[in-house]
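Here the structure is laid out as structure tokens; the discussion comes afterwards.
The values are calculated or read from the model by the stated rules, or taken from the named source; none is laboratory data. Computed from a prediction, not measured in an experiment: that's the story for all the values here. Reconstructed Cβ throughout: ideal geometry from the backbone, glycine too, with neighbour counts over all protein chains shown.
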Amino acid sequence: MRPTVLCFSGLDPSGGAGLQADIEAIGQSGAHAAIACTALTVQNSQQVFGFEATSKELLLAQANAVINDLPIKAVKSGMLGTTDNIAALAEFLGQHPDYLYVLDPVLVANSGGSLGDQATLTKAFAALIPLATILTPNTVELRALAGCDDITEATQRLFAMGAKAILVKGGHENTPDHIKNTLWVNGEILSETTCPRLDGEYHGSGCSLASFIAGRLALGDTLPTAVHHAETWLFGVLKAAETPVPNGQKIPKRF
Ligand code: PLP
């Protein structure tokens with residue numbers, strides 16, 4: 001049985017983001033994906049119409065049903081939806097300190113739609129930050145989590161909150177021809193990666209990247225190697241992305 005990543009993530013009916021992105025990315029990384037579903041969202045490639053979150057009891061029951069069944073090496077979280085679900089995940093990870101953990105601190109969809117109350121989710125994420133092997137915020141999420149605008153200061157604040165490693169994704173920065181991602185470990189920059197900025201908006205790029213990293217970590221890669229593999233893979237699947245309707249965000253072609 002392949003090493004398994006247990007994902008705490010939501011269902012996106014468009015198949016671009018959420019748990020489908022996780023399953024596809026982790027499958028492509030070489031690992032196996034298991035899912036504890038945090039929420040059922042109602043959305044397409046253009047907008048979020050709403051969501052219903054899973055209760056924390058049902059969420060933990062899903063996770064606990066597979067822990068002795070599958071060779072879980074890592075956990076990945078995306079949309080958690082409620083502060084109760086964040087607390088439930090913190091409790092679960094506290095019981096399994098041997099699991100590697102990739103925290104993608106999802107606050108809003110790329111389309112701008114709400115995936116939970118931003119202010120309360122931001123505060124609740126503080127409990128998960130010290131438990132994570134790596135956090136993968138974009139700069140909007142980084143600034144919201146840290147409560148400050150300057151990127152370097154914001155990363156230092158997350159390290160002060162107990163973060164061990166942070167991949168800061170630069171896709172939301174005003175760099176028209178390129179995107180720079182920066183990998184910080186223990187308060188220092190370990191590496192920077194720059195790639196050309198592709199045209200258009202993408203649905204599920206963050207989920208895909210974080211999940212691929214989790215898959216590679218589960219398979220035994222070091223953190224820098226897992227991040228490098230994931231960034232290279234993501235660029236290819238975004239280049240091949242498909243446009244569902246003229247106004248829709250592009251859906252990464254992960255196969
Ligand atoms: N999880 C779910 C269920 C979502 O619907 C979304 C965005 O729509 C995300 C996560 C985050 O998506 P992205 O990878 O585009 O940031």
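Looking across the stretch 207-230, just one residue is surrounded by fewer than 20 Cβ atoms within 10 Å (Cβ to Cβ) and either among the acidic types (Asp, Glu) or within 13 Å of the ligand (Cβ to nearest atom) (or both), and that is Asp221. Residues that are aliphatic (A, V, I, L, M) and within 16 Å of the ligand (Cβ to nearest atom) within the stretch 167-206 comprise Leu167, Val168, Ile179, Leu198, listed in sequence order. Annotation: Leu115 fulfils all but one of (1) surrounded by fewer than 21 Cβ atoms within 10 Å (Cβ to Cβ); (2) of a type in the set (A, V, I, L, M, F, W, C); (3) modelled with pLDDT under 95; the unmet one is (1). Among the residues of the stretch 1-15, just one is of a type in the set (A, V, I, L, M) and more than 16 Å from the ligand (Cβ to nearest atom), namely Met1.
To keep it simple, each residue is scored yes or no on (1) over 16 Å from the mean Cα position of the chain (by Cα); (2) at pLDDT 95 or above; (3) in a loop (DSSP other than H, G, I, E, B).
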{"residue": "Ser208", "(1), (2), (3)": "no, yes, no"}
{"residue": "Phe212", "(1), (2), (3)": "no, yes, no"}
{"residue": "Arg216", "(1), (2), (3)": "no, yes, no"}
{"residue": "Pro224", "(1), (2), (3)": "yes, yes, no"}
{"residue": "Leu234", "(1), (2), (3)": "no, yes, no"}
{"residue": "Gly248", "(1), (2), (3)": "yes, no, yes"}
{"residue": "Phe255", "(1), (2), (3)": "yes, no, yes"}
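Of the residues making up the stretch 76-123, those that are out of contact with any strand residue (DSSP E or B) (no Cβ under 8 Å at 6 or more places or on another chain), among the charged types (D, E, K, R) and more than 15 Å from Leu60 (Cβ to Cβ) number 3. Being part of a helix (DSSP H, G or I) and crowded, with 23+ Cβ neighbours inside 10 Å is the filter here, so list the residues in the stretch 125-140 that pass it. Within the stretch 125-140, Phe125 is the sole residue that qualifies. Quick check on Ala154: is it away from the ligand (no atom under 13 Å from the Cβ), touching a residue at least 40 places away in the same chain (Cβ under 8 Å) and either over 24 Å from Ala25 (Cα atoms) or not polar (S, T, N, Q) (or both)? The answer is no for Ala154.
With respect to Asp84, determine if the residue is of a type in the set (Asp, Glu) and within 22 Å of Leu219 (Cα to Cα). When the stated conditions are applied, Asp84 does not pass them. Taken together, Val42, Val75 contain a single residue that is closer than 24 Å to Ala124 by Cα and touching a Cys at 6+ places or on another chain (Cβ under 8 Å), which is Val75. Remark: Ile166 matches the filter, which requires a residue to be assigned to a strand (DSSP E or B) and under 30 Å from Gln43 (Cα atoms).
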